[in-house]
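Visitor: Handing you this structure, nothing more for now.
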Amino acid sequence: QVQLVESGGGLVQAGGSLSLSCAASGRTSSNLRMGWFRQAPGKEREFVAAISWPGASTYYADSVKGRFTISRDTAKKTVYMQMNSLKSEDTAVYYCAARSSGWPNPVRAYDVDYWGRGTQVTVSS
């Protein structure tokens, strides 16, 4: 019912920056909340950031707080994540996520209704 497509991944050096975007299509609504998860090889998928849609409430994992910023353009049904001061431990596949109701706190993977296919972010040391 909802499709999510990520873009903006790539290879950067430690300390650098990347910006990710995720466009939603299909049976979306004004109640759609969006966010980001990531998964490194051999590890479980973990929460990164989330934002209300509509609304301005944001949530961040402690590991990225102060370095990553999530935002959205409601008219374009797009969510963004600016990633600064990247570290090697940020290397992972980043997945766009969406939910039809408000995000709980803390946010967990089973709270997600829709997933994107993922985009690779690699941070070299």
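The values are calculated or read from the model by the stated rules, or taken from the named source; none is laboratory data. This is a predicted model, so every value here is computed, not measured. When we count neighbours, we look across all protein chains shown, and the Cβ atoms used for this are built from the backbone with ideal geometry, even at glycine. For accessibility, only protein heavy atoms count, side chains too; no ligands or nucleic acids. Shrake-Rupley method; radii C 1.70, N 1.55, O 1.52, S 1.80 Å.
Visitor: Spot the failing condition for GLU6; the list is (1) among the acidic types (Asp, Glu); (2) open to solvent by less than 60 Å² (accessible area, probe 1.4 Å); (3) in a loop (DSSP other than H, G, I, E, B), and only one is missed.
Guide: (3)
Visitor: Scan (1) of a type outside the set (Gly, Ala, Ser); (2) at pLDDT 95 or above; (3) buried (at least 19 other Cβ atoms within 10 Å of the Cβ); (4) touching a Gly at 6+ places or on another chain (Cβ under 9 Å) for the single condition ARG99 breaks and write down its number.
Guide: Every listed condition holds for ARG99 apart from (2).
Visitor: Then there is this: Hey, among ASP62, ASP73, ASP111, which residue is surrounded by 14 or more Cβ atoms within 10 Å (Cβ to Cβ) and acidic (Asp, Glu)?
Guide: ASP111
Visitor: Please go through the stretch 100-115 and give me each residue that is over 16 Å from GLU6 (Cβ atoms) and in contact with a strand residue (DSSP E or B) (Cβ under 9 Å, 6 or more places away or on another chain), ordered by number.
Guide: Passing the criteria: SER100, SER101, GLY102, TRP103, ASN105, PRO106, VAL107, ARG108, ALA109, ASP111, ASP113.
Visitor: Identify all residues within the stretch 76-96 that are under 19 Å from LEU32 (Cβ atoms), open to solvent by 40 Å² or more (accessible area, probe 1.4 Å) and assigned to a strand (DSSP E or B); write none if there are none.
Guide: The answer is TYR80, and nothing else.
Visitor: Within the stretch 28-46, is even one residue under 16 Å from CYS96 (Cα atoms), acidic (Asp, Glu) and assigned to a strand (DSSP E or B)?
Guide: Yes, the stretch 28-46 has at least one match.
Visitor: Restricting attention to the stretch 9-26, report how many residues are open to solvent by 60 Å² or more (accessible area, probe 1.4 Å) and free of Cβ contacts under 8 Å to residues at least 40 places away in the same chain.
Guide: Going through the stretch 9-26 one residue at a time, the tally reaches 0.
Visitor: Right, another one. Step by step: first the residues of the stretch 40-59, then only those that are surrounded by fewer than 18 Cβ atoms within 10 Å (Cβ to Cβ) and among the hydrophobic types (A, V, I, L, M, F, W, C), then the one that is nearest to ASP73 (Cα to Cα). Which residue is that?
Guide: Among those residues, the one meeting the criterion is ALA56.
Visitor: Ok, one more. Does SER29 fit the bill of being small (Gly, Ala, Ser), open to solvent by 10 Å² or more (accessible area, probe 1.4 Å) and in contact (Cβ under 8 Å) with a residue 40 or more places away in the chain?
Guide: Spelling it out, SER29 is indeed small (Gly, Ala, Ser), open to solvent by 10 Å² or more (accessible area, probe 1.4 Å) and in contact (Cβ under 8 Å) with a residue 40 or more places away in the chain.
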